[in-house]
1. Is there any pair with a first residue in the stretch 19-38 that is farther than 13 Å from Ile557 by Cβ and among the basic types (Lys, Arg) and a second that is open to solvent by 20 Å² or more (accessible area, probe 1.4 Å) and modelled with pLDDT of 70 or more whose Cβ atoms are under 7 Å apart and which are 6 or more apart or on different chains, and what are they?
2. Can you tell me which residue within the stretch 317-339, out of those that are under 35 Å from the mean Cα position of the chain (by Cα) and open to solvent by less than 10 Å² (accessible area, probe 1.4 Å), is nearest to Gly300 (Cα to Cα)?
3. Among residues belonging to the stretch 105-129 that are at pLDDT 90 or above and farther than 13 Å from Ile245 by Cβ, point out the one that is least open to solvent (accessible area, probe 1.4 Å).
4. Please work out which residue is modelled with the lowest pLDDT, limiting yourself to the stretch 284-309 and to residues that are part of a strand (DSSP E or B) and open to solvent by 20 Å² or more (accessible area, probe 1.4 Å).
5. Look through the stretch 437-487, keep the residues that are open to solvent by less than 50 Å² (accessible area, probe 1.4 Å) and among the hydroxyl-bearing types (Ser, Thr, Tyr), and return whichever of them is nearest to Val389 (Cα to Cα).
6. When you check Ala510 against the structure, is it assigned to a strand (DSSP E or B), open to solvent by less than 40 Å² (accessible area, probe 1.4 Å) and of a type outside the set (Asp, Glu), yes or no?
7. Cβ-Cβ distance below 6 Å, separation of 6 or more or different chains: which pairs start in the stretch 310-338 with a residue that is on the phi > 0 side of the Ramachandran plot and in a loop (DSSP other than H, G, I, E, B) and end on one that is acidic (Asp, Glu) and surrounded by fewer than 19 Cβ atoms within 10 Å (Cβ to Cβ)?
8. Hey, among the residues in the stretch 386-400 that are within 13 Å of the chain's Cα centre (by Cα) and free of Cβ contacts under 8 Å to residues at least 60 places away in the same chain, which one's least open to solvent (accessible area, probe 1.4 Å)?
Amino acid sequence: MESGTKRLTEKIKEKLPVTGPQAASACELVKWYCYHTNTHGCRRIVVSRGRLRRAAWVILTFSTVGIIFWQCALLIISYYTASVTITVQFQEITFPAVTICNINPYRYNATRHLFEKLDQETLIAIKELYHFTDGPNNSQVKTLSKIATNSKNDILFQNIPLLQIELVDQEHSIVTDLITKKQYKIDGTVKIKLFENMNTQPQAKMVGFKLCDKNNDENATCAIYTFNSGITAIQEWYRLHYLNIMAHVPHETKLQMSYPADDLIFSCLFDGRPCDSRNFSLMHHPLHGNCFTFNGGENGIILRTITGGHENGLKMILHVDENEYNPYLVTSMGAKIVIHDQNEQPFVEDMGIEIRTATETAMGLDMTVLERLSRPYSDCTVDGVDVPVTNLYNKTYSLQMCLHSCFQMEMVHSCGCAHYTKPLPPQAEYCDYTKYPGWISCYYRLHNQFIQEQLVCQKTCRPACHSKEWTMTISGAEWPPSPSEEWILRLLSWEKGLHGNRTLRKNELASLGIFYKDLNQRNISETAANNIVTLLSNFGGQLGLWMSCSVICIIEIVEVFFFDMFLIVARKGVQAVRKWWQKEQEELPPTISIAAHGAPFYISDEDPPTFNSALQLPRPPCHDTFPPTYETLRIRSSFIPGTSTMESCSH
């Protein structure tokens, strides 16, 4: 009877329409969806007659679905893209800040007492290396030569000796100390390392110096740094000693030893109006001494220009006194110019442009304002707060500032002291080999890693999202010309109060003009190419083009293939678990026992029940109705005395 009812129920279900999650299986749900969906491709698959036509619709439908996924993936990938907009505005433009430095940092007469012994040893090394007896026609060099002749045994800097390396064969070399003239032999092949994984063949004679990571003791690790040119080796050796000496000089003393503004800037005009040293602010640079910035905005006033062209802008006459130049520290004469924004740090050693003396230099400017989008569009930073590098310059964030600050912090962390050419971090002190004998070797190692981008600085520092750039067109002409040379030099000498004591020479003067070529400000800005509205519109266009779908169709797909399919799978799972459980219960082997009244019941293999649990055991069946009276029973009862023909059931 039960099996017949089940078959009848199944036949009734087959005739009923299948609707959504009421389907008995996933196949029925998919079939129902194909009959009722608005996406025509799926419907054509089930209603088409003939295998060929149905296969064609299957291929077309799945192909369009694949195209939709491909197009939507491209839309998502290209979502974080930016479009570049270039606009040119003709307007009044802010004039940039102009920083001017003398290539020679300090007046030689003011620093002679600091570098006297260093100059003596340098001159001795040059004489021993090139065997010349009479130097250039310079009274300073002649004086040093006389002092050096009487002071050859007075060696000040024994920790960094200047050496000459002479190759004997492929396995041995003779090293000569150019100051003490001591010679010793070293084993091994000497190679000059120029770039990474690139070595040049050693020359017969080379010049270099010895650096150790500690004092010259037995446990120190030393290396000889060689150079292709003896001039380069001597300049680098002199520069290292120069940094060690200047690290001990107080800041106020260095300001007094460098050039004042009146000595560097002889005349000044801006847009035809006169200016002087009071319009310049002081900035001290470790390698260039006192530098002066025009239109730096320190007093809150930033000059603007309303007219472009060579006759406008900033015009100056600079004086670089060649008599005060250090003959070993610098080998060029002139000034360095940096064009920068008022809030940016002028990195003279990196971006400085050198101008020649006896020349009129004209710099035509074009300003470009760059606006980039930050993450996730690019890797730039808005204000540098999210860059884990301490800003040592207290200026607006820039990539150059970050790199210099990061290297200085790595220098303090690895070498224990700070490099003299960069700002001093908190709770640190500048390096000198009397207290930190291995700092130069450590600096060379870090600098080599920095150039090869092996430090963390290049990975940590990011470009700024907002920046200004000035494109310069530089031209030059001889100045002053021969017909005007005499009266210009005499007039400038008189204006500076020389009064016939000395006449200026053209080789120590330079004329400079900085101006905007035009007032066209170029703005290059990035804007987001997509937004959420555009993305949804593109999605809808792709769905409508390839599948004739709408948002309602997508919701229908989500409902059917996620929620309804989940309910079917869950129902099938519950039914499977229930059947498994019933099967497990049927396979359990029961133990049959006979109760006191003869009714069978089951007792498990567990421990015997207690009294309370025994009361809950199943009782034998009991009927309230009387059993039928048979004649045979009456006959039997009549033969058995003392028995009753009817027994009651005790409850």
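The values are calculated or read from the model by the stated rules, or taken from the named source; none is laboratory data. The structure displayed is predicted, hence computed values, not measured ones. No Cβ is skipped: glycine too gets one built from the backbone with ideal geometry, and neighbour counts run over all protein chains shown. These area figures cover heavy atoms from the full protein model, side chains too; ligands, DNA and RNA do not enter into them. Shrake-Rupley method; radii C 1.70, N 1.55, O 1.52, S 1.80 Å.
1. Lys31/Val46
2. Checking each candidate, the answer is Val338.
3. Step by step, filter the stretch 105-129, then rank; the result is Tyr108.
4. The extreme case among them is Arg304.
5. Per the stated criteria, the residue is Thr460.
6. Yes, satisfied.
7. Gly334/Glu354
8. If we take residues in the stretch 386-400 being within 13 Å of the chain's Cα centre (by Cα) and free of Cβ contacts under 8 Å to residues at least 60 places away in the same chain, then Gln400 is least open to solvent (accessible area, probe 1.4 Å).
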